[in-house]
Structure formats: structure tokens, C-alpha cells
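Colleague: What follows is a structure written as C-alpha cells; I'll ask about it next.
The values are calculated or read from the model by the stated rules, or taken from the named source; none is laboratory data. Every value quoted in this text rests on a predicted model; they were computed, and no experiment measured them. Neighbour counts run over all protein chains shown; Cβ positions are idealised from the backbone, glycine included.
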Amino acid sequence: MSAETPAVPGRDEHYIRVIRRHFRTWRGDRPFWAGLFVMLGGLPIAYFPYANLQIGHLTLAMATTAGAGSLIIGVLLVVLGVSLWFQKHVRTFAGVAAILLALVSIPVSNLGGFLIGFLFALIGGAMAVAWAPGAKSQPEQSQPVQETEDQQEDAPEGALAADEDAVDEPNDLSGTSPANGANGRHSAG
């Protein structure tokens, strides 16, 4: 192989570059950042009620009566984040559920994990609801297609050509058009 030979994508590339390109494609096909934010929101909500903070010789225990509720909310948020990654068609449900769980975490688990988990879950849920799949890229045509006389002759019988003069009659079949004198009212007869 000489220096002038072009590299073939996928065959002559380093494997890390190939893995990175595949990951970027996978990440672009789903609400990746929404799932990551929802998962990051679930971790502090589940962790802080069970944490013991050491400040010198002073131990500050965060144990509350709602520890089980915090653990359930945190685990559900992590599961919703994973489902956003691998089940992208449930994005609306998972986003709304993440927003509701984030709101419920405020009174249940120490202000939603000291507002850190609450904000991550709320933003991730909103991103999941707002995410829409991108349009598939289609190859562009070099020249626009123009109708010729031959193509117009191949049209089925009764079809109007685009350049013929249109009739000035209204296209309202309900009979309530002001043009036919009904003034928007139906006649009972």
C-alpha cells in the first residue's frame, strides 16, 4: 500500500475509531442524553437517604422514614433511563414518568436528593418527551424532475393536467358555502 492509496473506511481504520463511529451512530438514534440525565437523577435520590457523612469525628446520618420510598424512586429512575437507551419507542411514557417521579421525590427523599437528583430527573424527563427521531437522509437528486408531454399523456382518464385552467367553482360539497347562497346554513328540505 502506497501513500497515494486512499484508506477504505471500516477496513483500514483503527478499531477504536470504528467503535467510536458506531457508538455515535447508536447514540444519535435514541434519546441518549435524556436517558443519562434520568439515570444521574436517580442515583442521588436513592443514595442520600442511606448516606452517613463524616465531618471530623462527627457522623451525620441521613436516615429517614422514607428511605424505602427513596430507594424505589431512585431505582425506577435508573430503570427508566436504561429503557430510554434501549427502548426508544417508550420515550414519551418514560419522560412523563421521570418527571412525575422527580416531583414525588421532593417530599419523599430529602428534597429530591438535595435538588440535585430532582433537577437531573426533571431535565432528563423533559428532554425525553421533547426528543424526536431524526429524518432518514435520502440521496439528493441532481436535477428536479420535470413533467413532459409524454408523462401527461400517460395520466389516467379524467385527471386534470397541472397547467390547465382550473374551473372557478367552489370545491365545497357540503352546500354551506356563501358562494352558493346558503350563507353557511343547511337547508332542511
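Colleague: Leu115 passes all but one of (1) among the aliphatic types (A, V, I, L, M); (2) surrounded by 15 or more Cβ atoms within 10 Å (Cβ to Cβ); (3) closer than 14 Å to Leu40 by Cα; which number fails?
Modeller: (2)
Colleague: Another question about this same structure. With respect to the numbered conditions (1) closer than 15 Å to Ala121 by Cβ; (2) modelled with pLDDT of 90 or more, which one is the sole condition not fulfilled by Thr92?
Modeller: (1) is the only condition that Thr92 fails.
Conditions (1) modelled with pLDDT of 95 or more; (2) surrounded by 15 or more Cβ atoms within 10 Å (Cβ to Cβ); (3) in a strand (DSSP E or B); (4) of a type outside the set (S, T, N, Q), marked per residue:
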| position | (1), (2), (3), (4) |
| --- | --- |
| Asp12 | no, no, no, yes |
| Arg24 | no, no, no, yes |
| Phe37 | yes, yes, no, yes |
| Leu53 | no, no, yes, yes |
| Gly69 | no, yes, no, yes |
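Colleague: Here is a further query. List every residue pair whose Cβ atoms sit under 7 Å apart, with the two residues 6 or more apart in sequence or on different chains, where the first one lies in the stretch 110-133 and is under 17 Å from Leu100 (Cβ atoms) and touching a residue at least 24 places away in the same chain (Cβ under 8 Å) and the second, anywhere, is buried (at least 17 other Cβ atoms within 10 Å of the Cβ) and among the charged types (D, E, K, R).
Modeller: Between residues of the stretch 110-133 that are under 17 Å from Leu100 (Cβ atoms) and touching a residue at least 24 places away in the same chain (Cβ under 8 Å) and residues that are buried (at least 17 other Cβ atoms within 10 Å of the Cβ) and among the charged types (D, E, K, R), the close pairs are Ala128/Arg91.
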